[in-house]
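The values are calculated or read from the model by the stated rules, or taken from the named source; none is laboratory data. A quick note: this is a predicted structure, and the numbers were derived from the prediction, not measured. Quick reminder, even Gly has a Cβ in these numbers, built from the backbone with ideal geometry, and neighbours come from all protein chains shown. Note: accessible area is taken over every heavy atom of the protein model, side chains too, but ligands, DNA and RNA are not part of it. Shrake-Rupley method; radii C 1.70, N 1.55, O 1.52, S 1.80 Å.
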Amino acid sequence: QVQLVESGGGLVQAGGSLRVSCVASGRTLSRLEMGWFRQAPGKEREFVAAINRSGDNTYYTNSVKGRFTISKDNAKNTVYLQMNSLKPEDTAVYYCGADSSMLDVFRTQPDYWGQGTQVTVSS
């Protein structure tokens, strides 16, 4: 069983930056494909970014390319999402997800989910 705990959300002005973190326990990140997802009010949860278990490949949805960076620290079993140039439309609950299959991450269907952290971007 994998447990995921997110932190680092908050309120930021448009154009600002924020970093959210996800600590995993129960399995090392070297055995997991990791993703960040978000869900805005009234909308479906959507894929944001992913990093593969070896850490040498990253993937992003088009709306965040060039602004968000996913990374991980295997020693801390932690995945990060650095968010720059934030926009009001980035406002959502951000979730961390983990799976043995990157395809399931891309499909927003990872086996394991964190509880989410709220990110609010004011205009």
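Over the Cα atoms of the chain, what is the Rg over Rh ratio if Rh follows Kirkwood? Don't jump to the answer; show the numbers that get you there.
Details: Rg = 13.2 Å, Rh = 14.0 Å.
In the chain, Rg relative to Rh is 0.94.
Within 10 Å of each candidate Cβ there may be at most 15 other Cβ atoms; applying that plus a DSSP loop requirement, which trypsin sites (Lys or Arg not before Pro) in the stretch 54-123 survive? Provide the component values of the computation, followed by the final result.
Details: sites: LYS65, ARG67, LYS72, LYS76, ARG107; in loops: LYS65, ARG67, ARG107.
Answer by residue number: LYS65, ARG67, ARG107.
If I histogram all Cα-Cα distances within the stretch 52-107 using bins 10 Å wide from 0, what percent of pairs lands in each bin?
Values per bin, smallest distances first: 18, 55, 26, 1.
Largest first, how would LEU11, LEU103, LEU18 line up by accessible area (1.4 Å probe)?
On the way: LEU11 130, LEU103 90, LEU18 30 Å².
From most exposed to least exposed: LEU11, LEU103, LEU18.
Test of understanding: extend the Cα→C-beta vector of ASP104 to 7 Å, then name every residue of the stretch 1-37 with backbone N under 20 Å from that spot.
Residues 1-6, 22-37 qualify, since their backbone N sits under 20 Å from the label point.
Between GLN13 and LYS87, what is the label-to-label distance in nm when each label sits 7 Å out along the Cα-to-Cβ direction?
2.0 nm
Loop only per DSSP, at most 10 neighbouring Cβ atoms within 10 Å: give me the GluC sites (Glu not before Pro) in the stretch 27-123, ordered by residue number. The partial results should precede the final answer.
Working: sites: GLU33, GLU44, GLU46, GLU89; in loops: GLU44.
Within the stretch 27-123, the qualifying GluC sites (Glu not before Pro) (loop, at most 10 other Cβ atoms within 10 Å) are GLU44.
Round to a whole number: what % of the accessible area of the chain belongs to carbon and sulfur, probe 1.4 Å?
Details: 2690 of 6040 Å².
Carbon with sulfur: 45 percent of the solvent-accessible area.
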